[in-house]
Amino acid sequence: MKVCHVINTLNRGGAETHLLDLVKEQNNRGYAISLVVIGSDNPNIISLENEFINLEIQIKRLNGPRMFNLRSYMKLHRFINENNYNVVHSHQPRSDFMMHILKKFSGNFKWIVSVHGKYDTYLESTKLSNRLKKKFMISLAGYWDQADTIIAISDSVSEWIVNLNSNLEPKVIPYWVEQKNLNSNYSTKEDITIGFLGRINKNKGIEDLLEVFNNLDENNLNLVIGGHADEQYLEYLNSISQQTKKESIKYLGYVENRKLFFDEIDIFIFPSFSEGLGLVLLEAMSFSKICVTRDIPPMNNYLNLDSGYLFTDNTTMLNSLNEAIQDMRKDKNKIKSKLFSIEEVVKNASVASIFPLLEQVYNYE
């Protein structure tokens, strides 16, 4: 089967990481894979391009202004027509919009859309950008009608799609994670490192996390924050941390070695306000990390009180972190019980369980 994936950039994020995992599996199963990237990568965030190149995947870069460049549409149209793909699979809104336009002029392929998040719910820096995003998503949801299949990465995303366009019937297929890092061994410890990993912005709840960390009275605590952020925003985050806490907080910048990051933390905190799935939470669970996350879907579909700690606001975040810290220091059996529950969740998120669902979509006539 000849498949072309279309995506905005190859900067590492949840959608891009999942695409790499998907392409690896398709490659292993004999699919003929090509990749179209419609924009240039952000130099401040690591690109996955070399990892695709190592798989010997053909990459076509359009390198023009996204969405509104006629030359990009012409290049993409010619590339798809010349290669006679069975399936064109788009990931992310700008890519979906371009495929909507091309589908009008060349419909001899199956078009699959993966929706990787509730795109208009992510908090931006201005109210205007939030309003524009919501208007664009209403239009895009109408364009998704032309797709042969809409894939939602969680039930939460599926509900969001249907709220935008009740004519759509998304198929829920979540991400998968590696199974090799699970480890349920645990011994109590006094020194605790709390970790966050992801793009650092308002939507991720970093400001709330720092406010709560200011109010943690426990000793022998450290907070490490991994991910890219604008310098101006980092300066702001530094300004809201109490002077006595700053020496216990470390900003790592972009984290390339995720295994090293997870091996060095004890508690993973995920205060995000909105996620499509929250792949990094699932990753943390795959490393058998005790997790504390906001009590909203889809995160609470993976983590519950049997497997971790949940919160709804800053007060309950503080309470949950304090409880997790005390449990890790004094209650070995409680932590081991949570690790056992985490392991069961992660085993259900294996490639063996999930990839066949994607194959059904690809092969469906």
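The values are calculated or read from the model by the stated rules, or taken from the named source; none is laboratory data. Fair warning: this is a prediction, and the values are worked out from it, not measured in the lab. Quick reminder, even Gly has a Cβ in these numbers, built from the backbone with ideal geometry, and neighbours come from all protein chains shown.
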Item checked: Residues (part of a loop (DSSP other than H, G, I, E, B), more than 17 Å from the chain's Cα centre (by Cα) and within 21 Å of residue 212 (Cα to Cα)) located in region 225-252 -> 240, 241, 242, 247, 248
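Here is a yes/no grid of residues against (1) closer than 16 Å to residue 281 by Cα; (2) outside any helix (DSSP H, G or I); (3) not assigned by TED's automatic domain parsing to the domain that holds residue 290:
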position: 158; (1), (2), (3): no, no, yes
position: 161; (1), (2), (3): no, no, yes
position: 166; (1), (2), (3): no, yes, yes
position: 185; (1), (2), (3): no, yes, yes
position: 203; (1), (2), (3): yes, no, no
position: 210; (1), (2), (3): no, no, no
position: 216; (1), (2), (3): no, yes, no
Item checked: Residue among 280, 292, 255, 345 that is buried (at least 17 other Cβ atoms within 10 Å of the Cβ), outside any helix (DSSP H, G or I) and modelled with pLDDT under 95 -> 255
Next item on the list: Working only within region 3-28, note down all residues that are among the basic types (Lys, Arg) and modelled with pLDDT under 95.
Entry: 12
Notebook entry, point to check: Pick from 142, 198, 117: which is touching a residue at least 12 places away in the same chain (Cβ under 8 Å), within 22 Å of residue 255 (Cβ to Cβ) and not assigned by TED's automatic domain parsing to the domain that holds residue 223?
Noted result: 117
Next item on the list: Considering (1) of a type in the set (Asp, Glu); (2) in contact with a strand residue (DSSP E or B) (Cβ under 8 Å, 6 or more places away or on another chain); (3) at pLDDT 95 or above, say which one residue 41 fails and leave the rest.
Entry: (3)
Next item on the list: Evaluate region 314-330: report whether one residue or more is part of a loop (DSSP other than H, G, I, E, B) and out of contact with any strand residue (DSSP E or B) (no Cβ under 9 Å at 6 or more places or on another chain).
Entry: no
Next item on the list: Name the single residue, out of those in region 53-101 being touching a helix residue (DSSP H, G or I) at 6+ places or on another chain (Cβ under 6 Å) and among the small types (Gly, Ala, Ser), that is surrounded by the most Cβ atoms within 10 Å (Cβ to Cβ).
Entry: 90
Checklist line | Per-region count, region 121-150, residues small (Gly, Ala, Ser), at pLDDT below 80 and part of a helix (DSSP H, G or I) | finding: 1
Check: Do you know which residues across region 258-277 are β-branched (Val, Ile, Thr) and in a loop (DSSP other than H, G, I, E, B)?
Finding: 265
